[in-house]
Each structure stands twice: as structure tokens, then as C-alpha cells.
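Here's the structure we're looking at; comments come further down.
The values are calculated or read from the model by the stated rules, or taken from the named source; none is laboratory data. Everything numeric here is computed off the predicted structure, so don't read it as measured data. Methodologically, a virtual Cβ is constructed for each residue, glycine included, from the backbone with ideal geometry; neighbour enumeration extends over all protein chains shown.
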Amino acid sequence: MLYGVFSDVHGNLEALTEVLSFFEKTRVDAYIFCGDLVGYGPDPDACVALVRGLRKSLIPVCGNHDQAALGIIDPNWFNPYARCAVMWSRKMLSEESRTFLSRLHPRLDAKLFTVAHGTPRRPAEEYMLTVVQFKENLSKVGVWPLFVGHSHMPLYFRVRAEHDPKVPDVEVDTIEEAREVAAERKPYGVVPIVFNPGSVGQPRDQDWRASCALYDSDLMTFRVVRLEYDIQVVQQKIRDAGLPEFLALRLAFGQ
Ligand SMILES: [Fe+2]
């Protein structure tokens, strides 16, 4: 099966539209969404509505911004820009969007993989960024691979299947566009591996283009795709909504 994997949309409708139309053209069979539909961007409700429309084949989790917009977590933990945007997003959400988001959990254990917004042990808070965090979370996952978002960086962590004392036992790297990373199946199960598709609506790897990925569950390969969208339209919408100028500027820098 071919999955379209995406995360951290953050109310960026123009980027989301590009990603979903790419997935449609590629004829994905289903979607894995790693959380954060709202926050930062100017179209939270329209983004939730688009993703709600994928319902039949969608395997979604919610993110910390989604939870803050619902009032489940306290936005006072956020930086001032994020807090301002999430409080604004809260007012923009329709009843249908609130209902959809409130049914999601920040972690989901599927039959063939696991999805968590941040990490399996603290799915709404922790960022999976270091080898230490990866190792500490190993025992918290029943089925590999694990798909995460939250850091807005396309990257992977993988335990090396063959032990070699000369090299580290965990491989970690960012995933550049078009690079394919594969999970490995052993007699005892899938070798632990984490895939992060990067962010649709606010990438933070110095590349402004929307990031998403394709996961082939038969071959167990994961490939990152970057897509251009009309960033100026989104920046203008941010300004028109009265959201902080910084949120418009950072999009152009992929920060
Ligand atoms: Fe996020």
C-alpha cells in the first residue's frame, strides 16, 4: 500500500492544497497524518475541513497546537507568537472542526505501524531530536516503523541491524528531497526506525517548500518530497488576519 505521510500543516492552506493534490496524482491508497493542523497559519478551519474530507483512508493523530486550540492544553507554555496564533485559531474553528480534532489522540497504534505527534512516551510534548531520546522511547513502541512530526524536520532514526563496534548503533540523518530510506524486516520483526516527513506548512530546515513523504508499506520505503506553493498569498493572509509579522517572515526562510 502507498501512504501519503504529512504533518504540521499549521493552517497553511496553500501548502496543504499542493501536498494533497500531489498525493492524489500519485494515487496514494491512504494517508498518515502526524498532527498539528492548526496554529501559526491563517486558514485553520479550511485545513481541518480538507483533511476531514480524507476521513475514510486517513490515519491521523492530533498535535499540541490542535490540543491548545481545543483548550485541552495550556497555551501559556507556547512562545508568544505561537500563543497568539493558537488563541486566534481557537476562535476560527467551526463546530465540525472542533469535533473532528477532539476525537483525535496524539498517539495511535495501528496494525502495521505506530504514529505519534512528538514521541511515543510523551506524544503531545516531546520532540524526537536526539539518539538518547530515540533509545529511551524504544520500549514504548509495539509496532515499527514509527511516524512522528512536531520537529518540522524531515529525518529518520534507525537502529543498525548488524552490530559493528566501529560505528554508532543508531543511524540518524535528515532526509533530503527524493532520498529513499528503507526499514528492514528481520525474523523477530521490523528493525526500530522512526520517520518524520517534515512540515507541510512551516518547514524549519531552511527550505521553504512544503515537505511531505510517500511510504510504501510493501517495500517499507520512505521518500521525502518537497513542493513549491504560493508563499506570498499565505504571508498576505497572515498580515490581513492581524497575526504576528514574524509568522509571515519565517515562512520564507524555512524557519
Ligand atoms: Fe508543529
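Look through D36, D29 and report the one residue that is surrounded by 24 or more Cβ atoms within 10 Å (Cβ to Cβ) and either hydrophobic (A, V, I, L, M, F, W, C) or modelled with pLDDT of 95 or more (or both).
Of D36, D29, the one residue that is surrounded by 24 or more Cβ atoms within 10 Å (Cβ to Cβ) and either hydrophobic (A, V, I, L, M, F, W, C) or modelled with pLDDT of 95 or more (or both) is D36.
With the requirement that a residue be in contact with a strand residue (DSSP E or B) (Cβ under 8 Å, 6 or more places away or on another chain) and either of a type in the set (S, T, Y) or part of a loop (DSSP other than H, G, I, E, B) (or both), what does segment 103-112 give you?
Listed by number, the residues that qualify are L104, P106, A110.
Does G201 qualify as being farther than 27 Å from E24 by Cα, part of a loop (DSSP other than H, G, I, E, B) and modelled with pLDDT of 95 or more?
No, not satisfied.
Name the residues in segment 113-152 that are in contact with a strand residue (DSSP E or B) (Cβ under 6 Å, 6 or more places away or on another chain) and within 15 Å of P197 (Cβ to Cβ), would you?
Once the filter is applied, which keeps residues that are in contact with a strand residue (DSSP E or B) (Cβ under 6 Å, 6 or more places away or on another chain) and within 15 Å of P197 (Cβ to Cβ), segment 113-152 yields T114, V115, A116, M128, P145, L146, F147, V148.
Does segment 33-45 include one or more residues that are away from the ligand (no atom under 14 Å from the Cβ) and in contact (Cβ under 8 Å) with a residue 60 or more places away in the chain?
Yes, segment 33-45 contains a residue that is away from the ligand (no atom under 14 Å from the Cβ) and in contact (Cβ under 8 Å) with a residue 60 or more places away in the chain.
Can you find even one residue in segment 114-131 that is within 16 Å of the ligand (Cβ to nearest atom), in contact with a Ser or Thr (Cβ under 6 Å, 6 or more places away or on another chain) and of a type in the set (D, E, K, R)?
Within segment 114-131, one or more residues are within 16 Å of the ligand (Cβ to nearest atom), in contact with a Ser or Thr (Cβ under 6 Å, 6 or more places away or on another chain) and of a type in the set (D, E, K, R).
Does V61 fit the bill of being touching a residue at least 40 places away in the same chain (Cβ under 8 Å), more than 12 Å from G201 (Cβ to Cβ), crowded, with 20+ Cβ neighbours inside 10 Å and within 16 Å of the ligand (Cβ to nearest atom)?
yes
Of the residues D173, D164, which single one is within 18 Å of the chain's Cα centre (by Cα), away from the ligand (no atom under 16 Å from the Cβ) and exposed (fewer than 15 other Cβ atoms within 10 Å of the Cβ)?
When all the criteria are applied, what remains is D173.
Inside segment 145-173, can you point out the residues that are assigned to a strand (DSSP E or B) and out of contact with any Lys or Arg (no Cβ under 8 Å at 6 or more places or on another chain)?
Of everything in segment 145-173, those that are assigned to a strand (DSSP E or B) and out of contact with any Lys or Arg (no Cβ under 8 Å at 6 or more places or on another chain) turn out to be L146, F147, V148, P154, L155, Y156, F157, R158, V159, D173.
Scan (1) more than 27 Å from A248 (Cβ to Cβ); (2) within 13 Å of the chain's Cα centre (by Cα); (3) touching a residue at least 60 places away in the same chain (Cβ under 8 Å) for the single condition M1 breaks and write down its number.
Exception for M1: condition (2).
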